[in-house]
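What follows is a set of notes on a single structure, which appears directly below.
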Amino acid sequence: MMGKNSKLVPALVAAVLVVASTGAYFAFSGLPGRAKHKSHHGVDAASGSGGKKGPTAKQVEYASLNYPSSSGRLPESIKSSYDPVKNRTQMTLSLRNLSVASSGNFKAQGVEIRLASEFKGQTRPAEKAESSIDGVITTRSNIAGLLATSSPPGIVTADGQALSTREASKKHSGYTSTKAGDGTTESVVFKIDTKDLLTVAAASSVRARFGLLEVILSPAQIADLREFTARLNPGPGAAASGG
């Protein structure tokens, strides 16, 4: 499984990392920094559209991509929430307990990849597509540095085609590591181009490698990813992001 995006990273890195006795998960904090800055999609995040300006050429380009059709079913892995104060909707996909391809000399538990999409209002604006999607991978391991990376932060392989994720920021590292009991909880924040995400969603075999960790998506998880990408479609007749 993203630029002028350095202002978004503090919000992502400040996401709440919750460590429980059964493992850990990464919860997005709602990307509060977006409301004050220009977004990485060239849109004024305070208004969602740069005032009354129409979509940018890039937004129109990405809106014309071949998005998958929605199944009409909202899986439990996809959640949508609307903030009436900010007038913004956030849709998240959580792929939990990912299968680890190989462990080597380490043990990884509770591996999760989460993707997030955000837009103004309760209905995704027509033709204003997102050119990239924010993501984070988190895991609990018996060794430190499992997810430590240079650049790119991760590689996603879809039906044999390798696709690079991008740094969440050119100025800040997206990698965090926290000691938790006798293990370590680590995370890497990243971005993935929407075009690449569509390629991944159309694949029948998907693997992702971050640092030393390689995970495999199950057919059900790929189906959920496909439904998530279908709901990124800003075009007419697209499925509602929240259901």
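Observations on the structure shown:
- Test result for ALA129, of a type in the set (A, V, I, L, M), farther than 20 Å from ILE222 by Cβ and over 12 Å from the mean Cα position of the chain (by Cα): yes
- Hits in the range 166-184 - residues which are surrounded by 23 or more Cβ atoms within 10 Å (Cβ to Cβ) and within 24 Å of PHE106 (Cα to Cα): GLY174
- Scanning the range 140-191 for residues that are farther than 18 Å from ILE113 by Cα and assigned to a strand (DSSP E or B), we see that the one that is modelled with the highest pLDDT is GLN161.
- Which listed residue, of SER204, SER241, is in a loop (DSSP other than H, G, I, E, B), under 28 Å from ASN66 (Cβ atoms), of a type in the set (S, T, N, Q) and at pLDDT 95 or above: SER204
- If you go through the range 90-103 and keep only what is of a type in the set (S, T, N, Q) and at pLDDT below 95, you end up with SER102, SER103.
- Pairs with Cβ under 6 Å, 6+ apart, first in the range 60-71 and within 14 Å of SER131 (Cβ to Cβ), second hydroxyl-bearing (Ser, Thr, Tyr): TYR62/SER131; TYR62/THR194
- Positions within the range 78-98 being charged (D, E, K, R), outside any strand (DSSP E or B) and touching a strand residue (DSSP E or B) at 6+ places or on another chain (Cβ under 6 Å), in sequence order: ARG96
The values are calculated or read from the model by the stated rules, or taken from the named source; none is laboratory data. No experiment lies behind these values; they were computed from the predicted model shown. Neighbour counts are summed over all protein chains in view; Cβ atoms, including those assigned to glycine, are modelled from backbone coordinates with ideal geometry.
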